[in-house]
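The values are calculated or read from the model by the stated rules, or taken from the named source; none is laboratory data. Nothing here was measured: the structure is a model prediction, and the numbers come from that model. Note that we place each Cβ from the backbone using ideal geometry, even for glycine, and neighbour counts take in every protein chain shown. Calculation scope for accessible area: heavy atoms of the full protein, side chains included, ligands and nucleic acids excluded. Shrake-Rupley method; radii C 1.70, N 1.55, O 1.52, S 1.80 Å.
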Amino acid sequence: MNYFFRVFISFFSFSIAFGQNKIEHLNVKFGKITPTDFVINSTLVDSNTNAVVLSDIGNSEFTANSKGGFSLVFKRHRRIKIINDKGYDIAAVSIYLYSSGTQTERLEQVNGYTYNLENNELVTQKLESKDVFEERLSKSQVRKKFTFPGVKAGSIIEYTYSIQSDFLFNLQPWEFQSDYPCLWSEYKVAVPDYFNYVFLSQGYQPFHINTKSDYTDNFLIRSAGSYGEAPGNFRVSTTIHSNRWVMVNIPALKEEKFTYTIDNHNAKIEFQLSQYRFPDEPIKEVMGTWATVSEKLLERDDFGKAFLAENNFLESDLAELIKTCTDVEEKARKIYSFIRDKFTCTKYAGIYMDDFVSLRDVYKKKSGTVAEINVLLIAMLRKAKIPADPVILSLRSRGVVHLIYPLLNRFNYLICETQLNGKKIYLDAAKPFLGFGKLDKSCYNGSAWVLSKSPNRIEFTPDSLLEQKVIAAFFINDEKGNYTGTVTFKLGNDASALFREKRLSNSKQDFINEFSKGIIGDAKVADFEFDSSIQKEDPISFRYDVDMKFEEDLIYFNPLFGQELKENPFKAANRLYPVEMPYQQDEIFVLDIEVPNGYNVDEIPKSVKYILDEGGSLFEYICKKVENKIQLRSRIIIKRAIFQQDDYTLLREFYSFILKKSAEQIVFRKKIN
């Protein structure tokens, strides 16, 4: 998948050519607002704009602290114009702080104002310190939040704050793009030569300014004293590597249909601490390699040690479970089905077991997180002498992981890899509606890592998934003078899993009511039947019978029988980022019907074939009258899951054509006696 990731190391240099009209600096001073600032002249602002970020300027730098080391200082100054009441949510600000043990990042120097023009006079309201609230979200995250007073349509809000942090790995990221358009977004980072960070940049917006410069600076370091030396201060001098990034006139990024997560596409920069490089000391690697990361994870109590242990408490139940199995694959299937069907997943996120939770606890309670359930699966397979290893990945909703660097905070899901008869099989026992060797489509998000003594990267690409659906409808004139028929469905893997899940909360009558919506006239759906509901590896098939009666002079009959495309999923005139479909698709609809007694065929749709691309994606619609029958075959084939922006117009026109064609009808006219 092409997400236009750009990766560069902090000591790289950049070659920048400035245009003659390039604005180098934005002169914005906190608290300096005039009536002219309320007038916004920008093509980004239109009738659909609810708020606009006038400027967003951030800066991160290092300072010496009282502990004999360095701290990070992040400062931000943001100015926003509220266009209408739909933009009020941007006036509710949340700032997230990292916490570990007794230490927490500190929010300081919070200042904010709301500005309104009343009778052409500037009215100012100050954000008070009592309006800043704190909320602990988890043991590692605290949220500070505040809402601006006196906000109304036309207001300008402005705020500044700083974050003091002793967590050097937490160099603040920067998002240039958001739900609202932004006229100027700027971020500066100044890093001493003692530290090396990997810079990760993504997005589709060009930099207005992208520069790097080096200079020398001094730091006053306080020494606590050691080996008999008294505490004191000393001054060190080092090179500072400074980067400045500016984007201007950045459009709002709105999530549209067929998007895994908008976080994959917004313009932003993130950082990962890679090395410590102190004078007269060897370079200390911080980020490590996948080999070192895997080794550490396998030694963790909440990860590798849990399934690498003896786990003798499993022996008796496991022996009973697989005692009748004749081969290794049957054992693996029995173990997988046992955990999938008997255990309840309490949280579908995470790669570690929860604190103070053991596999014995999970087994006894018959419930656990996705990590706990699949770690138990790995442990039971290994106990049965079946090879099994953990696989960590990022779900589509979390975003893509980096291809090279082991950035573990990007991973949020754990599954199992086993090997049977020389073939690698991937299992997720936390999802009750999946079959053996099946994964939910959300797992197909690019790179994943198998963690073992020799870790390796694997690819779960959406192009490796094919969702097939076949619908067939047959109608005849029966001996009683009724028009009767049968409609059958054979679903793909994803639709089958959703159907099984839906069955838990829907009655047979609910399904009858749903499929009655696409039927014309005084029709009745009856005898709704389905199979393959227990064998979860097989696709679901179901059928229902339909009885119709016709009395009108003209009958308008949609041959796709309620399965036609109802709307174009691509409504926007253009798109800033790729179309990400969940899988390749192959949908076939077959119709074979007799002409109703007492009627002639007045009109049928024309046959067409629309080829989307050279890769085999197409729409085919063949309709013909053969003696007293009408036969139709419609097929939509999408041979790739990802379409880049350049293909968006073609894809939109393709679906527009399908939408128009699928609305065409067969017309029957009553015979004149």
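This table checks each residue for (1) surrounded by 13 or more Cβ atoms within 10 Å (Cβ to Cβ); (2) over 30 Å from N218 (Cα atoms).
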residue	(1), (2)
S60	yes, no
L72	yes, no
K75	yes, no
S99	yes, no
Q103	no, no
L117	yes, yes
R136	no, yes
For R340, the lone unmet condition from (1) surrounded by fewer than 17 Cβ atoms within 10 Å (Cβ to Cβ); (2) in contact with a Phe, Trp or Tyr (Cβ under 9 Å, 6 or more places away or on another chain); (3) over 30 Å from Q202 (Cβ atoms) is (1)
Residue check for I221: within 26 Å of A51 (Cβ to Cβ), hydrophobic (A, V, I, L, M, F, W, C) and surrounded by fewer than 18 Cβ atoms within 10 Å (Cβ to Cβ) | no
Considering residues of region 615-673 that are among the aliphatic types (A, V, I, L, M), farther than 30 Å from V601 by Cβ and not in a strand (DSSP E or B) only, the residue most open to solvent (accessible area, probe 1.4 Å) | L650
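Listed here are the residues, each with its yes/no results for (1) farther than 19 Å from E175 by Cβ; (2) in contact with a strand residue (DSSP E or B) (Cβ under 8 Å, 6 or more places away or on another chain); (3) of a type in the set (S, T, N, Q).
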{"position": "V52", "(1), (2), (3)": "no, yes, no"}
{"position": "I80", "(1), (2), (3)": "no, yes, no"}
{"position": "T124", "(1), (2), (3)": "yes, yes, yes"}
{"position": "E135", "(1), (2), (3)": "yes, yes, no"}
{"position": "V142", "(1), (2), (3)": "yes, yes, no"}
For region 180-204, what are the residues that are within 30 Å of K86 (Cα to Cα) and surrounded by fewer than 18 Cβ atoms within 10 Å (Cβ to Cβ)?
-> Y204
Have a look at V400, V375, V362 and point out the one that is crowded, with 16+ Cβ neighbours inside 10 Å and not in a helix (DSSP H, G or I).
-> V400
Could you tell me whether A430 is in contact (Cβ under 8 Å) with a residue 40 or more places away in the chain and assigned to a loop (DSSP other than H, G, I, E, B)?
-> yes
Taking strands (runs of 3 or more DSSP E) that do not extend beyond region 438-489, which have at least 3 residues that are out of contact with any Pro (no Cβ under 6 Å at 6 or more places or on another chain), touching a residue at least 24 places away in the same chain (Cβ under 8 Å) and among the β-branched types (V, I, T)?
-> 466-477
Flagged pairs (Cβ under 6 angstrom, 6 or more apart or on separate chains; first in region 165-183, among the β-branched types (V, I, T); second at pLDDT 95 or above and not in a loop (DSSP other than H, G, I, E, B)) are none
Checking F313 against (1) over 30 Å from the mean Cα position of the chain (by Cα); (2) more than 30 Å from W174 (Cα to Cα); (3) open to solvent by 30 Å² or more (accessible area, probe 1.4 Å); (4) at pLDDT below 95, which test does it fail?
-> (4)
Using beta carbons and a limit of 6 Å, which pairs, at least six apart or on different chains, have the first residue in region 58-76 and of a type in the set (F, W, Y) and the second one at pLDDT 95 or above?
-> F62/P192; F70/F62; F74/S60; F74/I163; F74/Q172
Based on what the data block shows, is F515 of a type in the set (A, V, I, L, M, F, W, C), at pLDDT 75 or above, open to solvent by less than 80 Å² (accessible area, probe 1.4 Å) and out of contact with any Pro (no Cβ under 9 Å at 6 or more places or on another chain)?
-> no
